[in-house]
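Just so it is clear, none of the values below were taken in a lab; they were calculated from the coordinates. This structure is a prediction, so every number in the text was calculated from the model and none was measured. Every residue, glycine among them, receives a Cβ derived from its backbone with ideal geometry; neighbour counts consider all protein chains shown.
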Amino acid sequence: MNIFRTIKIALKALGRNKMRSFLTALGIIIGVGAVIAMVSIGQGAKAEVEKRFSEMGTNLLFVRPGSRSYRGRHGGSSSYENLTEADAEAILENCDAVNYISPNVNSRAQIIYRNKNWNTSIYGTGHDYPIIRNWEVEEGEFFSEQHVKSARKVCILGSEVNQNLFEGANPLGQIIRMNKIPFRVIGTMESKGESGGWFNRDDVIFIPYTTAQMRLLGIDHIQSVDVSAISMDRSAEAMAQIEEVLRIRHKIAPGAEDDFNVRNMSDIAEGASEATGILTILLGGIASISLLVGGIGIMNIMLVSVTERIREIGIRMSMGAREKDILYQFLTEAIVLSALGGLLGIILGVGSSQLISHFSDMTTMVSFESIALAFIFAASVGIFFGFYPARKASKLDPIDALRYE
């Protein structure tokens, strides 16, 4: 039987009861649309995570104090207070795979400017912090090495703080107060936006870490060190060099547990990417259940169609139609029904993804692979669930079929 003629006959048969055909295909339409929409959400989340990490730099490493243990009780991560400015300088001097460092201390404070006030995070950092974090200064300048050495009372505002305190006015040269201590504004940072919906990275003020130690916190240790390796390829080498330098400086015996932690941003990025990949598979798997439900609907309707058209089948067989011709005819109807549903589902899925991205903060990404996979799955559902009714029709006895009322 000619394939095009078979498809034409299938469309004609489905067109006899348009509403029933549409309702049967609706399960496939919703299933394909849901798969594409859910996968696009997962892929969008993965792309957003990768973008966030690439903005920070995959050659970035973090050095943190380790956990203190006393009589079997662990104080948790960073419970040691054993990192010093000298440790950070030793890393820069002795690790040839390291390019930049930034000792860090963090706090929160109420910021006052004239009759306005704002509670925000205070990041005490080194002068190379913007280079390490790929963060540009929008106006003015970041503090210099001299500012850090002399513990100057200067600050750089994140865009959120700038907006809330100065409301569009020029903040450069203005004096703000942190814990009643005056600081002169010398710059503002470019907006980075929210980080995955958890916190606003622009709600921050940067000051020299030495100033934060002396003026705000009253400490002589540092809480962490941000390190930039020369390249992503040398990140692992930089990590090993840092561990060796700190073990020597902290007099840690061979085989003893480190009192610090070194984390590689590329490892963190890879783990986050894997997690979002699993999320994408999970979302797609959940959505694909509706495709199976749609397939069951196709089987049900095709069985009804076989029952309704028994006499027609008998006439075709009496006119010379073979079993395989009847099998192909009903199987084609099931495939056409699921394929049309798949096409409409693609339109629904792509449209839904665009609407989700437009009306929410979620990032969606529709890929050709997800569309092709959903369509192939829909066609496969038609073949799988349409085969049994088609085979049943082909096995009918022509004499019994002609006598059927």
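Some notes on this structure:
- About its Cα centre, the dipole of the stretch 81-258 is roughly 1040 debye, where the only charges are +1 on Lys and Arg Cβ and -1 on Asp and Glu Cβ.
- If the chain linking R311 and F62 were pulled fully straight, counting 0.36 nm for each residue of separation and taking away their Cα-Cα distance, it would gain 82.0 nm.
- Computed lengthening from I131 to N119, 0.36 nm per intervening residue step minus Cα-Cα distance: 1.7 nm
- Inter-part distance where the stretch 136-168 and the stretch 182-243 are each reduced to a Cα centre, Å: 13 Å
- Scanning residues 5 or more positions from V154 or on other chains, those with amide H under 5 Å from its amide H are R184, with H placed 1.01 Å from N in the peptide plane.
- Bridge orientation summary for the stretch 81-258: considering DSSP beta bridges with both residues in this region, about 75 percent are antiparallel.
- Here each label is just a point 7 Å from Cα along the line to Cβ, and for E145 and E237 those points are 2.3 nm apart.
- One entry in [x] 26.4; [y] 29.6; [z] 24.9 is Kirkwood radius over Cα pairs in Å calculated from the shown coordinates; its label is [x].
- Relative to the globular-protein estimate of 2.2 N^0.38 Å, the Cα radius of gyration of the stretch 283-375 stands at 1.52.
- The simple spin-label model puts a point 7 Å past each Cα toward its Cβ; for N179 and K395 those points are separated by 8.4 nm.
- Radius, Kirkwood style, for the stretch 126-275 when every pair of distinct Cα atoms is counted (Å): 17.8 Å
- The peptide list 342-354, 245-257, put in order of mean Cβ contacts within 10 Å with the highest first, becomes 342-354, 245-257.
- When peptides 201-207, 259-265 are sorted by average Cβ neighbour count within 10 Å, with the highest value leading, the order is 201-207, 259-265.
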